[in-house]
Amino acid sequence: MAQLFDIRCKLDQFIAERKLDKITVYGDIGLKAGFLVSLLRGNTPDDEAKLLKFRKAAQEVLHMSF
Amino acid sequence: MSIKGKIIAVVAGSLLVGVAVIGYLFDRNYRLQVARTSDETLRASRAAFENLRKDSVDMMAAAVEAMASNQEINAALARRDRAQLLKATSRLYLSYHEKYGITHWFYWEPEPSGQTGANGLVNFLRAATPDKHGDMVERVMLARVAKTKTFANGLEMGITGLAFRVVAPVYWKGKLCGYFEIGKDIGNFLDSMKQQTGNEYGLLLQKSQMDKAKWRSSRASWGKRDNWNDMNGLLLAKNTYSDESILTYGGSLDKVPEAGQELGLVEHGAAVYSRGVFPLYSAGGVKVGAVFVLSDITAVYQSAHQTMVRGLLAIVLLMALTGIVMCVLFNRLIVARLERLIRVAKRVVGGEFNLQVVPSANDELGKFEELFEQFRRVLVDLVGNIEDEAAAPVYRARLRTRPRVFSAARARRVREAGREVSHGTTFRHPVQAGPVHC
């Protein structure tokens, strides 16, 4: 439970550490993954397909595994 | 490859092709101009030659007519008194030689009585070389005048060159006593032609019409180099230009048309010359030689070349400028607006839902921007609904605990506020990506 939200949190931390533009990074990843990252909450139900797409998109955009 | 890259490639390719085509046209025009100049030079030289020929023949015909009525000369010829004939004519010959360039002053014996169809005549006197006489000379004009007994003129080959000649029968007391011939070496024409036209000339003769040994002997006596082997079938008999090497023609005279033939350009030092030849026909209609025309076209050549280079540069600059303007316009009208839309799309998806797209122009892309803005509003509305759905259990729980605060009417107002915002121009959506506590 909350794996998607967990990845979002790691992503936020990564963005904050590198002082990246959060909106642009969310946009790039969201467009690649096919959903809105900003809407992920703690109660967002996990979905294997979404998790896979999320990780893959983040990897492609930031060259970083989450 | 991006559209921008493709467009730049197409524009650059078009520029290159355009420059190549225009360069080809300029080059063609330049060559035509040079060829036209060469052609005009050849035509002018031919006309000058023809005028000189006509003037010379007229002058010689008049001289022959005057001599025909000279009783002293005619009587000496009739008596076969060579010494008296020489005495009577040598002063006249020298005068004509100096004034008019007459090089041939001959008297011929009449053919033996009863003989017809002779191919030539026996020489009685040569004013320039009185010791040389009594030889039989076979020439078309001599045969013609012997046959017709009337005035004949034309170009004919001698031992060492071509000459325009006029031959007429001479009568004494109504009886034919011989023939009188005067002629002008064609080599002398070249200097006159040079004075008239400013071009340089060379006289080419067919070797087949010449005697090799006599030619070499003549050249040696003139103190000139033996040039018999310089060309294959032709011989440079006379020229007005200092350098003989430029006046060579490797082709065959048989292939040269009557109007003449251009031989192209040749660079000699800093000068550029156009070359050409036109043929010479003997009185018998045989192609016996040609006049080589050398015209200094350096000024025309440089002018045409400069025009071509400047024109090409101007076209290249103009086309490059056009290409740059096209690229800038394309970038401003299409590429920059598309990139802006892409940025907005990313930011909207990234959570900046209130980033509005205002159509930048009333054109095709402006319509697309408008469509994109409508699409954004639909997305925002959809997101608002999803958030409302997510928030509903919370509202219901709060209604159960605090029914007076979170009334159904308030819940409706909240939803309506969300919808209002999603359709509004000023975006204040509650689901805008905000801080999330991880």
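The values are calculated or read from the model by the stated rules, or taken from the named source; none is laboratory data. What you see is a predicted model; the values in this text were computed from it and never measured. Neighbour counts are summed over all protein chains in view; Cβ atoms, including those assigned to glycine, are modelled from backbone coordinates with ideal geometry.
Take B:LEU85 and decide whether it is among the aliphatic types (A, V, I, L, M) and in contact with a Phe, Trp or Tyr (Cβ under 9 Å, 6 or more places away or on another chain). Spelling it out, B:LEU85 is indeed among the aliphatic types (A, V, I, L, M) and in contact with a Phe, Trp or Tyr (Cβ under 9 Å, 6 or more places away or on another chain). Filtering segment B:342-371 to residues that are within 14 Å of chain A (Cβ to nearest Cβ), of a type in the set (A, V, I, L, M, F, W, C) and either in contact with a Leu (Cβ under 6 Å, 6 or more places away or on another chain) or surrounded by 15 or more Cβ atoms within 10 Å (Cβ to Cβ) (or both) leaves B:VAL344, B:ALA345, B:VAL348, B:VAL349, B:PHE353, B:LEU355.
Scanning segment A:10-34 for residues that are within 9 Å of another protein chain (Cβ to nearest Cβ) and either closer than 19 Å to B:LYS346 by Cβ or part of a loop (DSSP other than H, G, I, E, B) (or both) yields A:ASP12, A:ASP21, A:LYS22, A:ILE23, A:THR24, A:VAL25, A:TYR26, A:GLY27, A:ASP28, A:ILE29, A:GLY30, A:LEU31.
Over 22 Å from B:ILE386 (Cβ atoms), within 11 Å of chain B (Cβ to nearest Cβ) and crowded, with 18+ Cβ neighbours inside 10 Å, is that true of A:VAL37? For A:VAL37, the condition - over 22 Å from B:ILE386 (Cβ atoms), within 11 Å of chain B (Cβ to nearest Cβ) and crowded, with 18+ Cβ neighbours inside 10 Å - is not met. A residue that is at pLDDT below 85, under 25 Å from B:GLY276 (Cβ atoms) and part of a loop (DSSP other than H, G, I, E, B) occurs somewhere in segment B:201-217.
Only a single item in (1) surrounded by fewer than 16 Cβ atoms within 10 Å (Cβ to Cβ); (2) assigned to a helix (DSSP H, G or I); (3) over 50 Å from the mean Cα position of the chain (by Cα) is not met by B:THR89, and it is number (1). Once segment A:40-57 is narrowed to residues that are in contact with a helix residue (DSSP H, G or I) (Cβ under 7 Å, 6 or more places away or on another chain) and of a type in the set (A, V, I, L, M), the residue that is farthest from the other protein chains (Cβ to nearest Cβ) is A:LEU51. Surrounded by fewer than 18 Cβ atoms within 10 Å (Cβ to Cβ) and either under 19 Å from B:GLY183 (Cα atoms) or touching a residue at least 24 places away in the same chain (Cβ under 8 Å) (or both): is that true of B:ALA128 in this structure? Yes, satisfied. In summary, B:TYR281 fulfils each of the numbered conditions (1) touching a residue at least 60 places away in the same chain (Cβ under 8 Å); (2) surrounded by 17 or more Cβ atoms within 10 Å (Cβ to Cβ); (3) within 30 Å of B:ASN119 (Cα to Cα) with the single exception of condition (2). From the list B:ALA283, B:ALA259, B:ALA314, B:ALA290, the lone residue that is assigned to a strand (DSSP E or B) and of a type outside the set (Ser, Thr, Tyr) is B:ALA290.
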